[in-house]
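For reference, the structure discussed in these notes is given below.
Since every read-out is calculated from the coordinates, none of them should be taken as a lab result. Predicted, not measured: the structure shown is a model, and the values here were computed from it. In this analysis, Cβ positions are derived from the backbone assuming ideal geometry, glycine residues included, and neighbour counts consider all displayed protein chains.
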Amino acid sequence: NEITKKAVKEALANPTELNLDRVNAQQARRILDRLVGYKISPILWKKVHRGLSAGRVQSVALRIVCEREREILAFESKEYWSITLDLEGSCKPKFQAKLFKIND
């Protein structure tokens, strides 16, 4: 996986058979990068910064981040609390009282 002078010389000195599964996988990744990147990159140039690129991995990650941000923005906070008291009086037995809301 290295592309250094030493690695290239070593690979040329010790050739092996091509692994066509790896070749096909790389070609599929290249096509996906182009299909996705060609659509997303121009949007990045307009909205963020010229020269940025997005491929199959960045695009999916960006979508996940955007969806999560929409969830956060749509979130409506609601007050939530509870009070639990262990009470004991002159009459037995002890009991527990819980308060969840006051005059809604």
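Overview of values
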{"read-out": "Histogram of C-alpha separations across the chain, 10 Å bin width, %", "value": "11, 18, 17, 14, 11, 10, 9, 8, 3, 0"}
{"read-out": "Leading residue at positive end of dipole, the chain (Cβ point charges), from ASN103, CYS66, ILE40", "value": "ILE40"}
{"read-out": "Charge tally in the Cβ shell below 15 Å around PHE75, where Lys, Arg are +1 and Asp, Glu are -1, PHE75 excluded", "value": "-2"}
{"read-out": "Mean Cβ count within 10 Å, highest first, over the residues of peptides 6-13, 70-77", "value": "6-13, 70-77"}
{"read-out": "Pair ASN14, GLU69: separation of 7 Å Cα→Cβ label points (nm)", "value": "4.8 nm"}
{"read-out": "Two-site FRET efficiency, VAL48 against GLN26, from Cβ-Cβ distance with R₀ of 25 Å, rounded to 0.05", "value": "0.30"}
